[in-house]
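The values are calculated or read from the model by the stated rules, or taken from the named source; none is laboratory data. Keep in mind it's a predicted model, so treat the numbers as computed, not measured. Heads up, the Cβs are rebuilt from the backbone with ideal geometry, glycines too, and the neighbour counts pull from every protein chain shown. Remember, those area values only see protein heavy atoms, side chains included, never the ligands or the DNA or RNA. Shrake-Rupley method; radii C 1.70, N 1.55, O 1.52, S 1.80 Å.
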Amino acid sequence: MAHTRIRKFNTRETYPEQKLDNDLCQAVVARGTMIFLRGQCPQDLDSAADIGSHDPVEQTHKVMQNIRQLIEEAGGQMEHLCKVVVYLTDVRHREAVYRTMGEYILGVHPVSTGVVVTALARPGWLVEIDATAMIPD
């Protein structure tokens, strides 16, 4: 593991009513080069074109693919991910979004904060995730 993860847990135990399976932790101790990602939305990184889907699962896949791509372009890997902040426009999408996000953070254990907001920058966006990663020295 690239960083020290304190109090690792899986949402299977902490939110048993939600059928989630995300590897998270309470704190990350990291040293190295920080990567701050702006909030990633369901759009193409090169063209800024919206993916054109109103499905929270498809939107989350694109968001997490963008996060992975940007971390890799910065010289890191997903295991260097330390923190995510998940913005949802509808709390009813939480399970679908977190379940999908969990596919990308399996075994990583970042810290996570979830926020429900009234709207995002474009009306069709259901999810936005910002992330912080740290490439070890």
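Around E95, what is the net charge, scoring Lys/Arg as +1 and Asp/Glu as -1 over all other residues with Cβ under 10 Å from its Cβ?
+3
Sort 129-135, 70-76, 107-113, 119-125 by the packing proxy (mean of other Cβ within 10 Å over each peptide's residues), most packed first.
129-135, 107-113, 70-76, 119-125
Between Q69 and L45, what is the spin-label point distance in nm, taking each point 7 Å from the Cα along the Cα→C-beta axis?
0.6
Could you please put L81, L45 in sequence from largest to smallest accessible area, using a 1.4 Å probe?
The ranking, largest first, comes out as L45, L81.
For the stretch 21-119, what does the accessible surface come to per residue with a 1.4 Å probe? Please give it in Å².
50
Relative to the Cα centre, what is the charge dipole magnitude of the chain, using +1 at the beta carbon of each Lys and Arg, -1 at the beta carbon of each Asp and Glu, and rounding to the nearest 20 debye?
460
Scattering from the C-alpha atoms of the stretch 16-75 alone, worked out with Debye: what is log10 I(q)/I(0) at q = 0.13, 0.16, 0.22, 0.25 1/Å?
Normalising to I(0) and taking log10 leaves -0.50, -0.71, -1.02, -1.11.
Can you tell me the length gained on complete extension of the stretch M34 to D137, counting 0.36 nm per residue apart and subtracting the Cα distance?
Here the segment from M34 to D137 would lengthen by 36.0 nm.
Taking 0.36 nm per residue of sequence separation and subtracting the Cα-Cα distance, how much length would be gained by fully extending the chain between D90 and A27, in nm to one decimal?
My answer for the length gained is 20.0 nm.
Can you tell which of V91, S112, Q69 lies farthest toward the positive end of the dipole of the chain, using +1 and -1 charges on the Cβ of basic and acidic side chains (Lys, Arg; Asp, Glu)?
Value: S112.
In whole percent, and with a 1.4 Å probe on the protein chains, what portion of the accessible area of the chain is carbon and sulfur?
In the chain, the share of accessible area belonging to carbon and sulfur is 49 percent.
Show log10 I(q)/I(0) for the chain at q = 0.16 Å⁻¹, two decimals, from a solvent-free Debye sum over equal Cα scatterers.
Debye curve over Cα of the chain, log10 I(q)/I(0) at q = 0.16 Å⁻¹: -0.78.
Run the Debye formula on the Cα coordinates of the stretch 49-90, all scatterers equal and no solvent, and tell me log10 I(q)/I(0) at q = 0.32 1/Å.
-1.15
Restricting the count to DSSP beta bridges whose residues both fall in the chain, what percent are antiparallel, rounded to a multiple of 5?
DSSP beta bridges in the chain are roughly 75 percent antiparallel.
Which ³J(HN,Hα) values in Hz, rounded to whole numbers, follow from the phi angles of the stretch 66-82 under the Karplus curve 6.51 cos²θ - 1.76 cosθ + 1.60, where θ = phi - 60° and Gly and Pro get x?
Each residue's phi maps through the Karplus curve to give 4, 4, 4, 4, 5, 4, 5, 5, 7, x, x, 9, 4, 5, 8, 5, 10 Hz.
Arranged from highest to lowest average of other beta-carbon atoms within 10 Å per residue, in what order do the peptides 14-23, 96-105 appear?
The densest-packed peptide leads the list: 96-105, 14-23.
Around T33, which amide H atoms from residues at least 5 apart in sequence, or from another chain, sit under 5 Å from its own amide H, with H modelled in the peptide plane?
Distant-sequence amide H within range of T33: I135, D137.
Could you pull the Rg and Dmax for the stretch 60-137, using just the Cα atoms, both in Å?
12.5, 41
Can you bin every Cα-Cα distance in the stretch 83-126 into 5 Å intervals starting at zero and give me the percent of pairs per bin, rounded to whole numbers?
5, 21, 29, 24, 13, 6, 1
Between F9 and residues 5 or more places away or on another chain, which pairs have amide H atoms under 5 Å apart, with H built 1.01 Å from N, and which residues are they?
Placed amide hydrogens put L24, C25 under 5 Å from F9.
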